[in-house]
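Here, each number is a calculation from the coordinates, and none is a lab measurement. In this text, all values refer to a predicted model and were calculated from it rather than measured experimentally. All Cβ positions, glycine included, derive from the backbone under ideal geometry; neighbour counts span all protein chains shown.
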Amino acid sequence: MAYIIALTNQKGGVGKTTTSCALISGLVSKGNKVLGVDLDPQGNLGFSMGVDIENCPTIYEIIKGKTALQSAIQKTEHGDVIASNILLSGAEIEFNRAGREFILKNILSDVDNKYDYIIIDTPPALNILTVNAYVASQALIIPMIPEILSLLGVSQIKETIDTVKMSYNKNLSVLGILLTRYNARFNLSKEVNDMADNIANQLDTDVFETKIRTSVAVAEAPAYGESVINYAPSSNPAVDYSNFVEEVLKKLNK
């Protein structure tokens, strides 16, 4: 049975998709079978893995019952992925039937015995799509950038996590908070790291030891349909993400 991890933060621009893509490719490089699921209507995960998101079945068509799950799984050399596009933006209005919180969990139950890991990239919002990701997952990873506003966004996630644990998924846990776009030379990064430790304590987790530095390779990699690990393996963020994957596996004892 697959171990399901959702990448989440209600603030955009914190590296959820970059981290999702790197985690998928890093786990695949370790010999795992991995499925990525793009729940963000922007469709960046599928695009970043080299999928033509406008000309393939997406998670939206699966939820609507317009296509079978297997036909929507796109094979790439860096892992499998179910893509998304802008049609998913109407989910809050369209998916209003009873039990809508379990839609994704029920969908993934058909394939979770075929993968070692399923990685879910969530939208930058605490909406029904994010709740579906939380209900379907065993663990959350929260990327954030070393800025105060990003930190405030993380603190607001706690209420949603608590609600999901109370009503839908009592086994949900937070695997850790991941600091991205990190520059240890900036005083603010250290201050935010200290504050992140405090929030991590509130979420009964910790901050990953690995911090993700940035470089131009992070912005370039999606255009080539690759994670930064594959695109520029010697770059700072690629080295950091490789260490992050190792840390995730260590936390999971796998």
Exercise. Label Glu246 and Thr67 with points 7 Å out from Cα along Cα→Cβ: what is the distance between them in nm?
Worked result: 3.8
Exercise. On full extension of the chain, what length is gained from Asp204 through Ala125, given 0.36 nm per residue of separation minus the C-alpha to C-alpha distance?
Worked result: 26.2 nm
For this session: Report, largest value first, the span of the C-alpha coordinates of the chain along each principal axis, in whole Å.
Result: 51, 40, 33
Problem set entry | Lys158-Glu77 FRET efficiency (beta carbon distance; Förster radius 51 Å; 0.05 resolution) | 0.85
Problem set entry | Projected-area mean, segment 1-125, by convex hull of Cα positions, square nanometres | 7.1
Problem set entry | Counting DSSP beta bridges with both ends in the chain, the antiparallel % (nearest 5) | 15
Exercise. Rounded if a/c is under 1.5, else prolate if a/b is larger than b/c, else oblate: which is segment 93-217, with a ≥ b ≥ c the root eigenvalues of its Cα gyration tensor?
Worked result: prolate
For this session: Work out which helices of the chain, taken as complete DSSP H runs, extend at least 15 Å along their axis over the Cα atoms and score a mean Kyte-Doolittle of -0.5 or more, then list them.
Result: 16-29, 148-167, 236-252
Problem set entry | Cβ-based exposure ranking for Glu220, Glu209, Glu101, in which fewest neighbours within 10 Å come first | Glu209, Glu220, Glu101
Exercise. Efficiency by 1/(1 + (r/R0)^6): what FRET value for Asp52 and Ala184, r their Cβ-Cβ distance, R0 = 35 Å, to the nearest 0.05?
Worked result: 0.35
Problem set entry | GNM top mover of Leu45, Leu126, Leu23 - the chain, alpha-carbon springs below 10 Å | Leu126
For this session: Once you've got the Cα coordinates, tell me which of Lys64/Lys158; Lys30/Lys64; Lys16/Lys75; Lys105/Lys211; Lys11/Lys66; Lys16/Lys250 are over 24 Å apart.
Result: Lys64/Lys158; Lys30/Lys64; Lys105/Lys211; Lys11/Lys66
For this session: From the C-alpha gyration tensor of segment 91-158, pull out the three semi-axes of the equivalent ellipsoid (sqrt of 5λ each), sorted largest to smallest, in whole Å.
Result: 25, 17, 8
Problem set entry | Calculated FRET efficiency for the pair Asn96/Lys165, C-beta based, R₀ 35 Å, to 0.05 | 0.90
